Amino acid sequence: MSDALAIRDVHVQFHTRRGVYKALNGVNLRLRRGEVLGIAGESGCGKTTMGLAVMSLLPRNASIPRGQVIFDNKDLVNLPREYSERVGDRFNPKENERILRRVGKAMTRIRGQRISMVFQEPMTSLNPVLPVGFQVAETIYVHNPALLARRVLARSKATPSLMQDLLRLLDQTHGDEAAVTEFAADHGLPGIEEQALFVWRREDVHVSRKEKAIRSLSGQSMNPLERNIIVAVVKAGSIPPQFARVPILSRVVRRVLVKEGYRKALELLTSLGIHHAERVVKMYPHELSGGMRQRVVIAIALANNPEIVIMDEPTSAVDVTVQAQILDLVKRIRTSVSASFIVISHDLAVLAEVSDRIAIMYAGRIVEVSSVDEILHHPLHPYTQMLISAIPTLEAKPVEGIKGEVPDMRDPPGGCAFHPRCPFAFEKCLSIVPIDFRQGTDQLVACWLYEGK
Amino acid sequence: MMIAAYGLCKHFPVRGAFRTTTSLRAVDDVGLKIQREQVVGLVGESGSGKSTVGRCLIRLLNPTDGEILFDIPDPELAEYEKARGAGATARLDAIADRFSLLRRSSSELRSIRRRVNIVFQDPYSSLNPRWKLSDVIGEPMLSTRYCSRAEAEVRARELLREVGLPEFFEDRYPHELSGGQRQRVAIARAISTNPKLLILDEPTSALDVSVQAQILNLLRRLREKYGISMLLITHNIAVVAYLAEYVYVMYAGKIMEWGDKGKVLRDPQHPYTKALMSSVPVAGEKRTRSILRGDPPNLITPPLACRFHPRCPVAFEVCGWSAEEVAEDLEYLLAGKYFGTFGDAAQVLAEGDRTILIQGTTDATGIQELVGLEREDVRSLKSVQAVDKMPEGIVLRLHEPVDPEMYPSADGREVKCLLFRTGGSTLAANA
């Protein structure tokens, strides 16, 4: 199977008044479909920059002199790269900004829809003046209005007798998804299935109440204007321009669909383990605790069923007991969602908990990639070995710091960037950048020690 | 004993609407002792009040209530504790006058500050950016009149070497240094007056693991060399495991458990410590963990009695359930799982603190059964003592809550949980 995402030899440089920071120096990474890939490294090694590069969210002073980010057979960074190639040293942030704006327009079809990102600090990534339910609803409204329109339309078309049939089907098949979807398609009610299944799968609600709730999905009346608009949205698959342009109509579309978005947000938040979601969707971010906010941000990232979710330090701002809740949640959603995940963290123990494979970064390059067990028990790269021996444990085994400092990325050391701190460095390390050597079945290590082994 | 605190409280005033002032009880009734040359860890989640305790101990903050005895010989301390137990106020005062930190005037404090010092969490904000490192390190020596200016400069160079930095750093400014180097400077400053007690407030939280390991080893070496007592405040339990001998576990402003490091970390007794320890991710170890529901409480209106009871997986009758908590859970059950069982009109009202009124249904036996069925899953229902049918509706009466104290356990530690009260679990066992 092809990879979900391939990052090939990506270089990113930040042009500042104090010089050019070489944040990424040739990152090679493949994200397989359905896996959770952890990225570990110390601060300043380029973990977050890599995430931003994939999302095309780099600031205007960042150039991409080389490299490709291949997603769905398309290169996501070709425009900024071509610009950097063209101008070379005469990089101009203002011109770059124009390029980035163009990229941004093209990316709206991908960003937040097919690739989404959970940012580091949940308080700053939520808008403080909007209810959290609205923020989830808006994500869906912007990227996938037809989904919401289908849901509204299905409810207005459904009759009590059809819902009675649906209930019987749910009871017989014990909530089988395929059967319910088929039922919805047969009766011209696409969009009803997820609503019915959501109610059916709730564990905190009594059966009699579930039945009542599913029956109440039927027979919602709509005025003719709304109905015509919604039908048009469903047909077009998006909001047709004539509605988007006329203010009075666009307001109707927005009102109906955002309201529906709240319902969808409620379903999402409940599935992420938030109690009383009916109340929570109306709250503002400051009313929520750190763990709840993080769940809301994750809900926004998952809202459009993305193919790739990038989580940047999802647990760094929360306490250890809440961290345990979030990790448990991430483990649970990866089984229920068909997305691939990139989880970025400085804490190897956190990554070991949720990942299938772990990539170790140092000074803007991936130095080692392999499965969790191999990384923890048989680390190959000297940096990985030293990093693991620096982590204090509950058993209080002696810890060993890594001598020296993280290199200045304005002028990184030649050859292997780790050689000034590496006890095994030899002549080759000083001058030639190591290539990836394959070890075992699935382990890649960028270190000359493993040449020819 | 290096330092001993009894019944330490710190309440911060919080201005509410309409000029009302309430208090945030950040630290409540905390007792803590550090022996000479001992490293004691204080762990807890953010907001548990551990930094506040550290600051109160060296009077950077003045505690609202409580007593702090500093550098007190063991016989006097034993006498003090005896007098405290007996309530002999005159004797208490006599000892406290000599050793209490809270009764020292500011000039006396100045000399005491030579003997205690603190290292702050964030080395980026704790060093004055306009001072050279030699000034940064020399400042405590001059302000406490530990030595003359010339001597301080010589000693600053010595200290730089001591913490593993080159001597020529004395002319540099903090911005030229990396995070790890800055934290070394902060440590050099803290040990400049040869203190006997060092408060380390999250000394490695802002650092990367590779640098954290260097700092931990530095602290360990300094401690062996100079015999400094340390209070290590951190949320990272592995750091405590590495450096400390004794551990105090704090939650919501109270000490939950304390004792020997090995025992507390390996075999925690308090339900909170258990959950905390099982939440710590350990690389390469898959385990089932007990995941706590919910979040730490709001300390303006803290939970009754045991502050951990709303999240506790084994809370029982007298742990401090209030009528509001029980009513909320009951309402959730009636609206969810038991929807329709008691009719649509059933209404749950909390009446005062210890009674709940259910209106709109007359099925008292049904409610009794519900409480009996759900009490293992919904812990708050355990506190229901009696269900009575009254003319105004069904009345639920709750058990009186019991405030937990520090109960000594057999292996020399103390646990603040009613399960460890002598004969304390009898109620739980009978129920």
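The values are calculated or read from the model by the stated rules, or taken from the named source; none is laboratory data. Here the structure is a predicted model, which means the values were calculated and not measured. Don't worry about glycine lacking a Cβ; one is built from the backbone with ideal geometry, like all the others, and counts go over all protein chains shown.
Observations, loosely collected:
- Only one of B:Val211, B:Val239 that is within 13 Å of chain A (Cβ to nearest Cβ), in contact with a strand residue (DSSP E or B) (Cβ under 8 Å, 6 or more places away or on another chain) and part of a helix (DSSP H, G or I): B:Val239
- Positions within the stretch B:332-354 being more than 22 Å from A:Arg209 (Cβ to Cβ) and buried (at least 18 other Cβ atoms within 10 Å of the Cβ), in sequence order: B:Ala350, B:Arg354
- Here A:Gly364 fulfils each of the conditions (1) within 14 Å of another protein chain (Cβ to nearest Cβ); (2) in contact (Cβ under 8 Å) with a residue 40 or more places away in the chain; (3) not polar (S, T, N, Q) apart from (1).
Conditions tested, residue by residue: (1) surrounded by fewer than 23 Cβ atoms within 10 Å (Cβ to Cβ); (2) at pLDDT below 90.
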| position | (1), (2) |
| --- | --- |
| B:Leu231 | no, no |
| B:Tyr242 | no, no |
| B:Glu245 | yes, no |
| B:Arg266 | yes, yes |
| B:Val282 | yes, yes |
| B:Arg287 | yes, yes |
| B:Phe308 | no, no |
| B:Leu330 | no, yes |
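- On the stretch given as the stretch B:123-161, residues that are part of a loop (DSSP other than H, G, I, E, B), under 22 Å from B:Leu218 (Cβ atoms) and without any contact (Cβ under 8 Å) to a residue 40 or more places away in the chain total 1.
- Listed by position, the strands (runs of 3 or more DSSP E) enclosed by the stretch A:1-66 that each have at least 1 residues that are of a type outside the set (Ser, Thr, Tyr) and closer than 15 Å to A:Arg81 by Cβ are A:5-16, A:19-31.
- Where a residue in the stretch B:261-290 is more than 7 Å from chain A (Cβ to nearest Cβ) and its partner, wherever it lies, is at pLDDT 75 or above and in a helix (DSSP H, G or I), with Cβ under 6 Å and at least six apart: B:Pro268/B:Lys274; B:Pro268/B:Met277; B:Ser290/B:Ala275; B:Ser290/B:Ser278
- Inspection of the stretch A:303-321 finds no residue satisfying the criterion of being in contact (Cβ under 8 Å) with a residue 24 or more places away in the chain and assigned to a helix (DSSP H, G or I).
- First in the stretch A:384-398 and more than 15 Å from B:Tyr242 (Cα to Cα), second anywhere and among the small types (Gly, Ala, Ser) and not in a loop (DSSP other than H, G, I, E, B), Cβ under 8 Å, 6 or more apart: A:Met386/B:Ser210; A:Leu387/A:Ala40; A:Leu387/B:Ser210
- Residue in the stretch B:90-98 that is surrounded by 15 or more Cβ atoms within 10 Å (Cβ to Cβ), out of contact with any Ser or Thr (no Cβ under 9 Å at 6 or more places or on another chain) and assigned to a loop (DSSP other than H, G, I, E, B) present: no
- The set of residues from the stretch A:332-361 being part of a strand (DSSP E or B) and more than 22 Å from A:His378 (Cβ to Cβ) comprises A:Ser340, A:Phe341, A:Ile342, A:Ile344.
- Number of positions in the stretch B:31-62 that are surrounded by 24 or more Cβ atoms within 10 Å (Cβ to Cβ) and part of a loop (DSSP other than H, G, I, E, B): 3
- Inter-residue pairs, beta-carbon under 9 Å, first within 24 Å of A:Leu327 (Cβ to Cβ) and in the stretch A:106-123, second basic (Lys, Arg), 6+ apart: A:Met117/A:Arg111; A:Pro122/A:Arg293; A:Pro122/A:Arg295; A:Met123/A:Arg293
- For the stretch A:298-340, a residue qualifies if it is under 11 Å from the mean Cα position of the chain (by Cα) and within 14 Å of chain B (Cβ to nearest Cβ), and exactly one does: A:Pro314.
- Here A:Leu394 does not fit the description of being at the interface with chain B (Cβ under 9 Å from one of its Cβ atoms) and either in a helix (DSSP H, G or I) or farther than 30 Å from B:Val240 by Cα (or both).
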